[in-house]
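Read the structure below first, then the notes.
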Amino acid sequence: MARLNQAEQWGPEEERRLRGAWVVEPPRLDGPVLLADYDPAWPAYFEREAARIRSLLGGQVGRNLRFRDHLRADAPDRELYERTKRELAARDWTYIPQYADAKSEVVEDILRRS
C-alpha cells in the first residue's frame with residue numbers, strides 16, 4: 001500500500017495544509033493511535049450528535065452511510081478495514097490527520113466495491 005508510506009512521511013506541503021486548517025497549533029499525537037474498546041453508551045451519544053454532524057457534513061453523509069452499510073453487509077471488507085485501522089493505529093504519527101490519510105486508499109477501494 002503506497003499510500004501508507006506516503007502518509008507516514010509528510011512533507012512541507014502537507015504540513016502547510018494541516019496548519020492552514022487550524023486556528024491554533026494543530027494537536028500533536030507523537031505516537032500510536034489508541035483504539036478504544038466498544039462502549040455501550042456510544043449509540044445514545046451518537047443519536048444526540050447525529051443531527052448536528054449531518055448538518056455540518058452535507059453531501060458527505062450519503063457517502064459515509066454507503067461505506068457504513070457496506071461494511072455491515074460485507075465481512076471480508078469489514079475485516080480488511082479493521083485490520084488496516086489496527087495496523088495503522090499501532091504506528092507512530094505526528095498528527096492524527098496522517099493516520100486518517102493513511103486509511104484513505106483502503107476506504108476508496110471499499111467504496112468502489114460498495
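No value in this document is a laboratory result; all are computed from the given coordinates. All of these numbers come straight from a predicted model, not from anything done at the bench. Neighbour counts are summed over all protein chains in view; Cβ atoms, including those assigned to glycine, are modelled from backbone coordinates with ideal geometry.
For the chain, the dipole from Cβ point charges (+1 on Lys and Arg, -1 on Asp and Glu) about the Cα centre works out to 420 debye, to the nearest 20. Computed from the alpha carbon atoms alone, the convex hull of the chain holds 144 Å³ per residue.
Computed extension gain for residue 19 through residue 75, at 0.36 nm per residue and net of the alpha carbon distance, reaches 16.4 nm.
Taking only the alpha-carbon positions of region 60-114 and ignoring solvent, what does the Debye formula give for the base-10 log of I(q)/I(0) at q = 0.26, 0.27 Å⁻¹? The Debye formula, applied to the Cα set alone, gives -1.06, -1.10. With the charge dipole of the chain set up from +1 on Lys and Arg Cβ and -1 on Asp and Glu Cβ about the Cα centre, the Cα lying farthest toward the positive end among the listed residues 29, 114, 104 is that of 114.
Under a model in which nothing but the beta-carbon of Lys, Arg (+1) and Asp, Glu (-1) is charged, region 60-114 shows a dipole of about 200 debye around its Cα centre. A helix-only calculation puts the chain at -22000 deg cm²/dmol for mean residue ellipticity at 222 nm, using -39500 (n - 2.57) for each DSSP H run of at least four residues, averaged over all residues.
Less than 5 angstrom separates the built amide H of residue 95 from those of 29, 30, all sequence-distant by 5 or more or on a different chain.
Considering only 75, 41, 55, and ranking their Cα positions along the charge dipole of the chain that arises from unit charges at the beta-carbon of Lys, Arg, Asp and Glu, the one farthest toward the positive end is 55.
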